[in-house]
1. What's the ranking of 188-194, 111-117 by average number of surrounding C-beta atoms within 10 Å, highest first?
2. What order do you get for 145-152, 227-234 when each peptide is scored by the mean count of other beta carbon atoms within 10 Å, highest first?
3. Stick to the Cα atoms of segment 127-240, pair each with every other, and give me the Kirkwood hydrodynamic radius in Å at one decimal.
4. Using label points projected 7 Å from each Cα along Cα→Cβ, tell me how many nm separate residue 277 and residue 92, to one decimal.
5. Calculate the spin-label point distance for residue 249 paired with residue 208, positioning each point 7 Å from the Cα along the beta-carbon direction, and give it in nanometres.
6. Which three extents, in whole angstrom, do the alpha-carbon atoms of segment 189-279 cover along their principal axes, largest first?
7. Spin-label point model (7 Å from Cα, Cβ direction): what's the residue 200 to residue 135 distance in nm?
8. Mark the label point 7 Å from the Cα of residue 127 along Cα→Cβ and return the residues of segment 226-254 whose backbone N is within less than 16 Å of it.
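No lab work stands behind these numbers, since they all come straight from the coordinates. Bear in mind that the values here come from a model prediction, so they are computed numbers and not experimental data. Cβ atoms come from the backbone with ideal geometry, glycine included; neighbour counts cover every protein chain shown.
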């Protein structure tokens, strides 16, 4: 169990960070915190900003992310979709709890590194992992954010503190996205690194703030590039921040969307899930 002092500190930060953009704190429920959605202007009085599920000509692609659906370019789009769906059904691949999470490849930036490196999600997993025999392997936490999202900006301190509290049990990864439907959500590689490390760079928070003003300490966990939203779409993410907790064998343990009361869930939030799983 975490010390009382840290616990109450986290609760205070959580209340501040999840105050949202559309309703007062006293009227909001923790599980209804959606974060930012593309297509909307930054407004601290609004609850959230959400993902436009259709790609369009305004999409900004700065790095080429590879996904399983792109493996065979000789097939038509319909054939690729059919083959991918069949393979996912056979292998029980998906983002629902209890399923094998979808793989992805992209570029990753590690803290204080001068370059971006290749990254594959499945490299983090051990298929033979058994919780009764191995309680030392780290679980994977994925959090989708946008460096231009006001909610992600406010949650920077909260995310950093949770990562520190659970650093012995988890490895946090941030997936940084752009919103193709909003020209203000157009982070460069430099902006993402500045948000991560709190460097002197003007452009965060929808191009209105210096990234070194972000609440909290520098994030020493890796940041993954998903500015073309390919991973976001594959994972059915509709807003930022969005959190997922994955077992060491690649099985989805906790999906934020399944716990929102608006989706018929039990209302458990990200911090509560971490505490339940690891306490």
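1. In decreasing order of mean packing, 188-194, 111-117 become 188-194, 111-117.
2. 145-152, 227-234
3. For segment 127-240, inverting the mean 1/r across all distinct Cα pairs yields 14.8 Å.
4. Between residue 277 and residue 92, the label points sit 1.7 nm apart.
5. The modelled label-to-label distance comes out at 4.7 nm.
6. Cα spread of segment 189-279 along its principal axes, largest to smallest: 40, 30, 28 Å.
7. 4.8 nm
8. Label zone hits: 248-252.
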